[in-house]
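Below: the structure, in structure tokens.
The values are calculated or read from the model by the stated rules, or taken from the named source; none is laboratory data. Keep in mind the model is a prediction, meaning the values are calculated, not measured. As a convention, Cβ positions derive from the backbone with ideal geometry for all residues, glycine included, and neighbour counts pool all protein chains shown.
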Amino acid sequence: MSYPQAMRERAIAAHLEQGMKKIEVCRIFGIQRRTFDEWLRAYEKEGRTYAKAKYQQGHSHHVEDIEAFRLFLEEPPFNTIYDLHPL
């Protein structure tokens with residue numbers, strides 16, 4: 001989930017400038033402690049409060065074996081999920 005930059009800035013300022021405890025900041029802004037720790041780390045290390053551009057979590061979304069994918073597409077259509085991948 002991406003949070004607005006202004007929210008990140010206010011949360012960081014509440015902790016660093018106003019001396020608010022991390023747990024209070026997280027409760028008030030409705031964010032996870034781990035998320036806030038990542039924001040602080042990025043601010044202290046790189047001086048940024050914005051999210052990384054084009055950051056993707058999870059698996060890669062590209063086809064690694066294009067020839068196997070083409071063969072899969074040429075197979076006859078299936079009617080059920082079990083036709084696609086039998087148990």
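Restricting the search to region 15-28, which residues are closer than 17 Å to Gln5 by Cα and either in contact with a His (Cβ under 8 Å, 6 or more places away or on another chain) or surrounded by 17 or more Cβ atoms within 10 Å (Cβ to Cβ) (or both)?
Matches in region 15-28: His15, Val25, Cys26.
Would region 34-42 turn up any residue that is touching a residue at least 12 places away in the same chain (Cβ under 8 Å) and either of a type in the set (Lys, Arg) or not in a helix (DSSP H, G or I) (or both)?
For region 34-42, residues touching a residue at least 12 places away in the same chain (Cβ under 8 Å) and either of a type in the set (Lys, Arg) or not in a helix (DSSP H, G or I) (or both): absent.
Would you check which residues across region 55-74 are touching a helix residue (DSSP H, G or I) at 6+ places or on another chain (Cβ under 7 Å) and either modelled with pLDDT of 90 or more or assigned to a helix (DSSP H, G or I) (or both) and list them?
Within region 55-74, no residue meets the criteria.
Quick one: what pairs do we get from region 11-22, first residue assigned to a loop (DSSP other than H, G, I, E, B), second of a type in the set (Gly, Ala, Ser), C-beta under 8 Å, 6+ apart or different chains?
What qualifies is Met20/Ala14.
Out of all the residues in region 1-10, which are free of Cβ contacts under 8 Å to residues at least 40 places away in the same chain and either farther than 15 Å from Gly47 by Cα or surrounded by 10 or more Cβ atoms within 10 Å (Cβ to Cβ) (or both)?
Answer for region 1-10, where residues must be free of Cβ contacts under 8 Å to residues at least 40 places away in the same chain and either farther than 15 Å from Gly47 by Cα or surrounded by 10 or more Cβ atoms within 10 Å (Cβ to Cβ) (or both): Met1, Pro4, Met7, Arg10.
Of all residues in region 43-54 being assigned to a helix (DSSP H, G or I) and not acidic (Asp, Glu), which is nearest to Pro4 (Cα to Cα)?
Tyr43
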